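I have placed the structure first, in the form of structure tokens, so that the comments after it can refer back to it.
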Amino acid sequence: MSRIERTLEALKGQGRKALIPYITAGDPHPDATVGLMHTLVAAGADIIELGVPFSDPMADGPVIQLACERALKHGTSLRQVIAMVKEFRTKDSETPIVLMGYLNPMEAMGYEAFADAAVDAGVDGVLTVDLPPEEADDVAPLFTERNLDAIFLLSPTTTDDRIRAISEHSSGYVYYVSFNGVTGASKINVDEVASRVDHIHKLTALPVAVGFGIRDAHTAAAVGRVSDGVIVGSVLVDTIARNQADNDQLKRALTDLLHPMREALDGLSS
Amino acid sequence: MSEKLTEEMLSALPDARGHFGAFGGRFVSETLMDSLMTLEKEYKMLKNDPEFQARFDKELADYVGRPTPLYFAERLTRETGGAQIWLKREDLCHTGAHKVNNTIGQALLASFLGKKRIIAETGAGQHGVATATVCARLGLECHVFMGAEDVQRQSLNVFRMKLLGAEVHAVESGTRTLKDAMNDAMRDWVSYVDETFYIIGTVAGPHPYPMLVRDFQSVIGRETRRQALEKTGKLPDALVACVGGGSNAIGMFYPFLSDESVQLYGVEAGGLGIETGKHAAPLCAGRPGVLHGNRTYLMEDENGQIAGTHSVSAGLDYPGVGPEHSWLKDIGRANYVSVTDDEAMEGFRKLTRVEGIMPALETAHAVAYAIKLAATMDKDQTVVINVSGRGDKDINTVAKLEGIEI
């Protein structure tokens with residue numbers, strides 16, 4: 001059983017929902033990322049999605065685009081991101097880490113070299129935004145062999161046949177994109193999400209985490225009520241952008257944002 | 001090349017998953033997958049639908065103004081002193097470039113599919129103008145995404161698009177050029193996927209776009225083939241076309257792929273010179289990677305970040321290229337070369353002064369290379385240049401380079 005599966009299973013046993021924050025590695029500076037990851041865990045994160053910066057993040061809105069630009073200004077590479085995870089693991093062997101990004105940096109590094117380095121560093125899962133299962137024939141077996149969870153996206157436009165097929169290729173959890181749009185937009189309709197996630201649960205046994213549009217304790221609780229976990233990205237990244245000058249203040253701001261979400265999610269089970 | 005390309009092999013490409021050998025495919029986020037699969041299915045039906053084809057042919061004839069002439073450039077041939085140089089006059093298409101062949105096809109497709117909202121990306125603005133034009137013609141809402149840098153360079157085309165009723169969105173992210181315009185077009189598409197049809201302007205993007213843009217542009221090569229046989233009694237010895245994304249080149253090359261005697265030359269933007277790194281020549285100096293929904297040759301750094309490009313011509317200023325070109329390069333069927341900004345400017349001046357035909361700066365790259373090539377060939381051989389667009393849109397750029405204020 002992978003670290004992601006163990007974590008989600010334990011939460012389920014406690015009747016709790018997963019809180020999954022996303023930050024872009026290297027933003028605001030490569031030296032800050034590992035510290036921020038520990039801050040996220042202390043504030044209640046169950047799993048961290050660590051973004052690999054890319055020059056052309058087509059599925060992301062302006063907030064994460066700018067985070068990528070800040071990270072790339074400091075030359076943050078995929079190899080460096082993997083090294084950050086390795087450093088994180090020296091103090092935290094429990095919290096699963098999912099690398100989230102686009103295919104080309106991985107292709108440039110070489111899929112086998114990437115998979116080896118990721119496992120060695122203690123990465124648990126990989127979510128590649130622009131890699132649907134249909135194109136993953138070369139990549140997916142390398143992950144499976146190494147017990148790296150391959151996490152794929154489901155969206156409001158995904159047909160039932162595809163939900164089944166994508167779930168077959170997935171392990172750990174599936175990531176349900178709550179609306180048609182880019183990260184950071186605010187189009188979320190909780191009732192629609194509830195009925196879609198309910199439907200997805202009928203088609204797959206995998207846990208369903210929901211991302212896009214979760215901005216505060218209120219939306220976290222509303223979405224947590226109907227899913228197995230919530231993914232919080234742009235609002236954290238925006239907080240990083242606004243507090244980049246002062247690292248201590250930044251850590252406080254991230255905690256102040258995440259902690260109420262944790263409490264709201266845990267409030268659902270009591 | 002090791003084996004002859006037969007008609008049968010060619011008609012099987014791209015394969016069912018949109019691959020041309022190792023290239024192409026469909027690398028997009030999940031939200032777009034259903035839309036792309038629906039588009040592929042509908043297009044395959046309409047491709048063989050007589051009503052759709054008749055409508056497309058009628059638009060090409062009466063609205064675009066086809067067939068365009070195949071013109072013998074007699075003075076240029078004499079000055080060059082080698083092979084006969086012929087010009088396929090796509091610059092005479094309505095709107096002044098080959099782009100409209102594709103936009104009228106895709107806009108008809110959108111209409112048949114019941115989509116009323118059109119988006120497009122543009123570099124030089126030719127595809128944006130061609131899209132805005134057909135949207136006006138068919139009564140469709142039109143949004144064009146254009147890098148802020150290109151909005152500056154091509155202000156004339158921006159104004160044309162606005163006159164045609166399109167909304168032009170200046171893209172400030174990244175390098176503020178064509179690739180960033182394409183990023184933002186895809187972001188818009190993901191946000192309004194149900195009501196929107198994305199008219200991609202080149203043979204790149206996710207499957208089925210490289211296939212359907214190629215099919216719509218192939219009218220260029222089919223006409224050239226017929227006209228060459230009529231006017232010269234034989235097939236051309238060489239075809240020369242500029243390659244940014246590569247739509248005019250594939251449109252010219254495709255109907256000749258199984259004619260082994262016809263040499264194909266795609267001319268990329270060498271910018272300040274390949275050795276300076278300031279160019280836009282992924283086939284000449286890049287390596288395979290994944291961008292904008294397909295695997296193809298790209299300009300990127302060692303970490304897989306997409307590199308900035310440079311070309312005097314906005315339409316060639318793109319770090320990728322259509323996947324079918326990548327495949328044609330790897331199997332050795334087509335030759336990909338580059339010419340510098342300076343050489344292209346020389347080609348621009350030459351064609352303007354010797355033939356009275358002012359080419360687009362994109363096209364000027366093909367002109368410059370074709371002149372060099374023709375000089376090495378025999379007098380009884382023929383070279384056809386695809387004059388993909390006219391140069392009126394570039395006069396501000398040319399004036400600036402010559403230090404003239406207009």
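The number of residues in region A:146-167 that are without any contact (Cβ under 8 Å) to a residue 12 or more places away in the chain and in contact with a helix residue (DSSP H, G or I) (Cβ under 8 Å, 6 or more places away or on another chain) comes to 3. In region B:173-193, the residues that are at the interface with another protein chain (Cβ under 8 Å from one of its Cβ atoms) and touching a residue at least 60 places away in the same chain (Cβ under 8 Å) form Cβ pairs under 9 Å with partners that are assigned to a helix (DSSP H, G or I) and acidic (Asp, Glu), at six or more places apart or across chains, as follows: B:193/B:34.
If you go through region A:144-157 and keep only what is among the β-branched types (Val, Ile, Thr) and crowded, with 23+ Cβ neighbours inside 10 Å, you end up with just A:151. Among the numbered conditions (1) within 10 Å of chain A (Cβ to nearest Cβ); (2) of a type in the set (Asp, Glu); (3) closer than 17 Å to residue B:203 by Cβ, the only one that residue B:34 does not meet is (3).
Within region B:280-299, track down each residue that is more than 26 Å from residue B:199 (Cα to Cα) and either open to solvent by less than 40 Å² (accessible area, probe 1.4 Å) or more than 11 Å from chain A (Cβ to nearest Cβ) (or both). Don't jump to the end; show me each part of the working.
First, the residues of region B:280-299 that are more than 26 Å from residue B:199 (Cα to Cα): B:284-287.
Listed by number, the residues that qualify are B:284, B:285, B:286.
Taking the criterion of being open to solvent by 50 Å² or more (accessible area, probe 1.4 Å) and either under 19 Å from residue A:131 (Cα atoms) or outside any helix (DSSP H, G or I) (or both), the residues of region A:161-197 that qualify are A:161, A:164, A:168, A:169, A:186, A:187, A:189. For the subset of region A:59-100 comprising residues that are closer than 20 Å to residue A:153 by Cα, in contact with a Ser or Thr (Cβ under 9 Å, 6 or more places away or on another chain) and open to solvent by less than 10 Å² (accessible area, probe 1.4 Å), which member is modelled with the lowest pLDDT? So, considering only residues that are closer than 20 Å to residue A:153 by Cα, in contact with a Ser or Thr (Cβ under 9 Å, 6 or more places away or on another chain) and open to solvent by less than 10 Å² (accessible area, probe 1.4 Å), the one modelled with the lowest pLDDT is A:61. If you go through region A:126-142 and keep only what is in a helix (DSSP H, G or I) and either crowded, with 21+ Cβ neighbours inside 10 Å or among the β-branched types (Val, Ile, Thr) (or both), you end up with just A:135. The C-beta contact set for region B:7-31 (first residue within 12 Å of another protein chain (Cβ to nearest Cβ) and open to solvent by less than 60 Å² (accessible area, probe 1.4 Å), second residue assigned to a helix (DSSP H, G or I) and of a type in the set (Val, Ile, Thr), distance under 7 angstrom, 6+ apart or interchain) comprises B:29/B:190; B:31/B:190. Based on this model, can you work out whether residue B:363 counts as polar (S, T, N, Q) and touching a Gly at 6+ places or on another chain (Cβ under 6 Å)? In short, yes. For first residues located in region A:32-48 and outside any helix (DSSP H, G or I), partners that are open to solvent by 20 Å² or more (accessible area, probe 1.4 Å) and lie 6+ apart or on another chain with Cβ distances below 7 Å form the pairs A:43/A:255; A:43/A:259; A:44/A:259; A:46/A:7; A:47/A:7.
The values are calculated or read from the model by the stated rules, or taken from the named source; none is laboratory data. The structure presented is a predicted model; accordingly, all values stated were derived computationally and were not measured. Note that each Cβ is placed from the backbone with ideal geometry, even for glycine, and that neighbours are counted across all protein chains shown. Just the protein is used for accessible areas: all its heavy atoms, side chains included, with ligands, DNA and RNA removed. Shrake-Rupley method; radii C 1.70, N 1.55, O 1.52, S 1.80 Å.
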